[in-house]
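Colleague: So that we are looking at the same thing, I have put the structure below in C-alpha cells.
The values are calculated or read from the model by the stated rules, or taken from the named source; none is laboratory data. It should be emphasised that the depicted structure is a prediction, and the values quoted were computed from it without experimental measurement. With ideal geometry, Cβ positions are generated from the backbone for all residues, glycine too; neighbour counts draw on all protein chains shown. In case anyone asks, the SASA skips ligands and DNA or RNA and just uses the protein heavy atoms, side chains included. Shrake-Rupley method; radii C 1.70, N 1.55, O 1.52, S 1.80 Å.
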Amino acid sequence: MPRVIAPSMLSADFGNLHRDCRMVNKSAAGWFHLDVMDGIFVPNISFGFPVCKAIAEVAEKPLDAHLMIVEPWRYIERFAALGVKYLSVHYEACNDRHLKECIRLIRENGMGVGVAINPETPAEVLIPYLRDIDYVVVMGVHPGYSGQKYIPETTEKVGVLAEMIAGAEADCFIQVDGGVSVSNIAELEQLGAGVFVAGSAAFSSDDPIAAIRALKEA
Ligand code: DX5
Ligand code: ZN
C-alpha cells in the first residue's frame, strides 16, 4: 500500500481545532488519527465524542479512531455514527470473547477493523485474529501520551508481524503508532508497515504541512 500518514489530533491545538483540521485536509496526510483515552485503560484522559464530532465536521479524509479504553465494545456504534472509517481496540482491553465481539461489531458497522497491541504484548497473540481484521496497530510507545521516545524493539516486532500476516495469508496492514519520525519511518515501511501515526512529528513543527510532507517522503 502507498504510505499513509495519520496525524494524531491529540497533538493539535484544541483552541484552534478546526484550523488544525483544515491544515490536515490540505496536507499530504491520508487520515486523521483520533486518540480516545479513558483514564482507566491508560493513565491519561484525552477526549471523547464531542471533540470527535467537531473533527468529523471539518475532516475531508478518513477518520481513524484508536480506543485506549476499557470495555470498547460498548461504544463501537457511536463511533460509526460519527462517520469514523477505521476503528481500533486494544487486545489488552479484551478477553477472547470480547475481542471477537468487537471485531464483529466494528465490521457490522461498516468500519475497518483494527487491533492494537502494547509494547510489552508479543505479536504472536494476534495469530488467531489476523484473518478477521483489516489492520494491526503496533504501539511504538506506551499508550497514554504523545511526544514519548520511540521504543526501538518496535521495529523488529513490525517485521515479525509482517511475516505472520504473510504466513497466515491474511489481508491486513500494519499501522505504527507512537514515536514515528523521519528517522524511523522508511525502515518501518520497508519491514511491512503502511500507516504511520504522527503526533509530535507533525504538530510540534512550526510548519506542520512541511513536517507531514517530510514524513510522507522520508
Ligand atoms: C499514544 C497515542 C499516539 C500518540 C502519538 O497513546 O496513541 O497516537 O499520540 O504521538 P507521537 O507521535 O508524538 O508519539
Ligand atoms: Zn493512537
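Colleague: In terms of Cα to Cα distance under 15 Å, which aspartates and glutamates are near enough to LYS100, apart from those fewer than 8 places away along the same chain?
Modeller: Correct list for LYS100: GLU71, GLU92, GLU108, ASP132, ASP134.
Colleague: Tell me the Rg and the Dmax, in Å, that the Cα atoms of the stretch 1-113 produce.
Modeller: 13.9, 41
Colleague: In straight Cα distance, which lysines are under 17 Å from LYS149, not counting same-chain residues fewer than 8 positions off?
Modeller: LYS157
Colleague: Round to the nearest 0.05 the FRET efficiency obtained for ALA186 and ASN25 when R0 = 22 Å and r is the Cβ-Cβ distance. Before the final figure, lay out the partial values.
Modeller: Details: r = 25 Å, r/R0 = 1.15.
Given R0 = 22 Å and the Cβ-Cβ separation, E is 0.30.
Colleague: Still on this structure, please answer the following. Starting from 0 in steps of 10 Å, tell me what percent of the Cα-Cα pairs of the stretch 4-217 lands in each bin.
Modeller: Binned Cα distances yield the sequence 9, 38, 39, 14, 0.
Colleague: Whole number in Å², please: accessible area per residue of the stretch 4-217, 1.4 Å probe, ligands, DNA and RNA not counted.
Modeller: 43 Å²
Colleague: Considering only protein heavy atoms and a probe of 1.4 Å, how much of the accessible area of the chain is carbon and sulfur, as a whole percent?
Modeller: C and S fraction of accessible area: 51 percent.
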